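What follows is a short report on a single structure.
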């Protein structure tokens, strides 16, 4: 029961070049990313299997989660 | 001249006279194009104290050396004028496909001056340039006019038009183009309306000379490859700017009920993911765009369609008005676009009016019978129409913008007019985000986010921190980001995809033959920034520090709800931010560039 967390682009430099990580399913994305050392406030976009979700989404087995930061704004 | 169309088109509407002059190589070297050309002509040619809606004001439309070229998002031109909303400098960037056609018609700048005695539109097909009668178009919506003129002239013609808002000189009327792109802020559309120009129709087929053809191809393709390879391209393209809506709600930056809070309990109803599922039909990009942020939406409930809404409109016409229904927000967006008023300022004005009503400052006698409570969707639709047509007491009042409206109404309503320098703040709540607050305070058109944006930076550094590094970051962004509006390309490829900005330099050199690093470009940006500041000072005798203050809401009224509940920026920190900003900019304590700064920037003679 695992999911994959995949930080994208500039977010990687904000979180110490953390690369793709396998995590346990069954918890919220917020809890999960805090546990692996990512400040959730810096994550602007959460995409689970390419669909945007909030950080309250509960991870399911096999989910691929991409995380995106915003550097420049609109 | 390499990278340029070669001509400045001058249209004297009073006399109906059309002339061309060559683009000056010296001006191109010093100001490059876009908003650089805009402030150059505005400062030089528009007389001091000109009435923004009078014939002395000019509307200056400029492309840049990357416009219409092999540059990602090279579809940008800049519309500059003296703002009727603020009384100061204004420019607005327009995307779509207008710019490329303008460049291919050989035009670097179009200057509209004087005022026509009757409604006209400007027709340009290469060297065939005419002022034509627009009496049958006058009164029509901007989208309807675009459809009509497309049918008349053909798909290859690009059209920029005003709606009734521009005709009626609503002080924040906008220009519409490409069925959903706007030169939105500062009342550019009101200026075009004051000149009785309903639309510009153009098409060009000329080539643009470049200095190094092979280098141009290589540098252009390198930029496109960087975009294609960028992580996040698919996600940004799928959701566009709406990708940030849920995050703004989460971090307390989503304007809610006239910026009284930064989180919205009905937020999920307007999130990007909700919009994508409920109303988006397809994606839409501007000229040369590898990452289309535009979305065509279908609102089944209203049987209408719109390009949008973007995040800004969602914030200002959604949560800011207490509306958590994406179809309603999109319909409000459609009305604002077709009627030709800026959806950001309109959302700010309506939010202010709703707060006036809920506080008892307004009664139904003031609102033409409208129940102006937050969340009343039908009242919002009615009010957008009243504003555009300046209908009734409330429509006329809100057409003036929140600053003037609050000055008229009084009763403490000035404190919750969310504006700086007269321009309504765009859709980032700044109760406790000091860098972003400073960005709004010092933006050179009023409270707009386009020059510098620092929400993530605030969260990284500490949102309430007031430190020189934050100020330096804002200044760097203000010198750098608007350079995209000078060069004539979209900044979102850097903003969203984070592509290496140094890739633009070889492209610019291959086009113009002039080697410029980003340090060189930022120096030009700094020069332009100081010149726009001097324009404000020239046009407003009492201009100074007081003009840079934010809405008192952000230093007197902490939100009662949401993640920023109880949080606020201290007034002394607001002043400290300004002290540091002026010092780092080389301005005096009143916020005016010192003589030494002007001399260093070689601006002394121009502003004398």
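Residue count for region B:190-221, restricted to those that are buried (at least 16 other Cβ atoms within 10 Å of the Cβ), assigned to a helix (DSSP H, G or I) and not assigned by TED's automatic domain parsing to the domain that holds residue B:106: 4.
Do the conditions hold for residue B:573, that is, is it crowded, with 21+ Cβ neighbours inside 10 Å and within 30 Å of residue B:249 (Cβ to Cβ)? No; evaluated as a whole, the condition is false for this residue. Select from region B:284-307 the residues that are within 14 Å of another protein chain (Cβ to nearest Cβ) and part of a strand (DSSP E or B) and write down the one among them that is nearest to residue B:375 (Cα to Cα). Top of the filtered list is B:295. State whether the residues of region B:236-253 include one that is surrounded by fewer than 24 Cβ atoms within 10 Å (Cβ to Cβ), within 25 Å of the chain's Cα centre (by Cα) and not in a helix (DSSP H, G or I). Taking every residue of region B:236-253 in turn, none turns out to be surrounded by fewer than 24 Cβ atoms within 10 Å (Cβ to Cβ), within 25 Å of the chain's Cα centre (by Cα) and not in a helix (DSSP H, G or I). Could you check region B:320-342 and list, in sequence order, the residues that are in a helix (DSSP H, G or I), in contact with a strand residue (DSSP E or B) (Cβ under 8 Å, 6 or more places away or on another chain) and within 17 Å of residue B:245 (Cα to Cα)? Those that are in a helix (DSSP H, G or I), in contact with a strand residue (DSSP E or B) (Cβ under 8 Å, 6 or more places away or on another chain) and within 17 Å of residue B:245 (Cα to Cα): B:320, B:327, B:330, B:333.
Applying a threshold of 6 Å to beta carbon distances and a minimum spacing of six or more residues, or different chains, the list of pairs starting in region B:29-52 at a residue that is in the same structural domain as residue B:188 (by TED's automatic domain parsing) and ending at one that is part of a loop (DSSP other than H, G, I, E, B) and surrounded by fewer than 23 Cβ atoms within 10 Å (Cβ to Cβ) reads B:47/B:56; B:50/B:56.
Which residues, counting only those in region B:265-275, are free of Cβ contacts under 8 Å to residues at least 60 places away in the same chain and assigned to a loop (DSSP other than H, G, I, E, B)?
Filtering region B:265-275 down to residues free of Cβ contacts under 8 Å to residues at least 60 places away in the same chain leaves B:266-275.
The answer is B:266, B:271.
Hey, residue B:278 hits all of (1) within 14 Å of chain A (Cβ to nearest Cβ); (2) within 26 Å of the chain's Cα centre (by Cα); (3) touching a residue at least 40 places away in the same chain (Cβ under 8 Å) but one; which does it fall short on? It is condition (2) that residue B:278 fails.
State whether the residues of region A:46-56 include one that is in a strand (DSSP E or B), surrounded by fewer than 22 Cβ atoms within 10 Å (Cβ to Cβ) and at the interface with chain B (Cβ under 9 Å from one of its Cβ atoms). The answer is yes; a qualifying residue exists. Of the numbered criteria (1) in contact (Cβ under 8 Å) with a residue 12 or more places away in the chain; (2) out of contact with any helix residue (DSSP H, G or I) (no Cβ under 8 Å at 6 or more places or on another chain), the one residue B:378 fails is (1).
Out of all the residues in region B:502-522, which are in a helix (DSSP H, G or I) and either without any contact (Cβ under 8 Å) to a residue 40 or more places away in the chain or assigned by TED's automatic domain parsing to the domain that holds residue B:46 (or both)?
In the first step, residues of region B:502-522 are kept if they are in a helix (DSSP H, G or I); the result is B:502-512, B:518-522.
Correct list: B:502, B:505, B:518, B:519, B:520.
Condition (residue is away from every other protein chain (no Cβ under 13 Å) and at pLDDT 95 or above) applied to region A:8-19: is it met by at least one residue? No, region A:8-19 contains no residue that is away from every other protein chain (no Cβ under 13 Å) and at pLDDT 95 or above.
When each of B:331, B:355, B:312 is tested for being at pLDDT 95 or above and within 14 Å of chain A (Cβ to nearest Cβ), the lone residue that passes is B:312.
Among the numbered conditions (1) part of a helix (DSSP H, G or I); (2) within 23 Å of the chain's Cα centre (by Cα); (3) under 30 Å from residue B:290 (Cα atoms), the only one that residue B:527 does not meet is (3).
The residues of region B:439-460 that are touching a helix residue (DSSP H, G or I) at 6+ places or on another chain (Cβ under 6 Å) and within 14 Å of chain A (Cβ to nearest Cβ), listed by number, are B:439, B:447, B:451, B:452, B:454, B:455, B:457, B:458, B:459.
What residue, of A:26, A:37, is more than 18 Å from residue B:231 (Cα to Cα), more than 7 Å from every other protein chain (Cβ to nearest Cβ), out of contact with any strand residue (DSSP E or B) (no Cβ under 9 Å at 6 or more places or on another chain) and part of a loop (DSSP other than H, G, I, E, B)?
A:37
Taking region B:103-145 only, how many residues are closer than 16 Å to residue B:21 by Cβ and crowded, with 18+ Cβ neighbours inside 10 Å? Even if it seems obvious, please write down each step before you answer.
Residues of region B:103-145 closer than 16 Å to residue B:21 by Cβ: B:105-113, B:124, B:127, B:129.
If we keep only those that are crowded, with 18+ Cβ neighbours inside 10 Å too, we end up with B:105-113, B:124, B:129.
Counting residues in region B:103-145 that are closer than 16 Å to residue B:21 by Cβ and crowded, with 18+ Cβ neighbours inside 10 Å gives 11.
The values are calculated or read from the model by the stated rules, or taken from the named source; none is laboratory data. Just so we're clear, the structure is a prediction, and the values are computed from it rather than from any experiment. We place every Cβ from the backbone using ideal geometry, glycine too, and count neighbours over all the protein chains shown.
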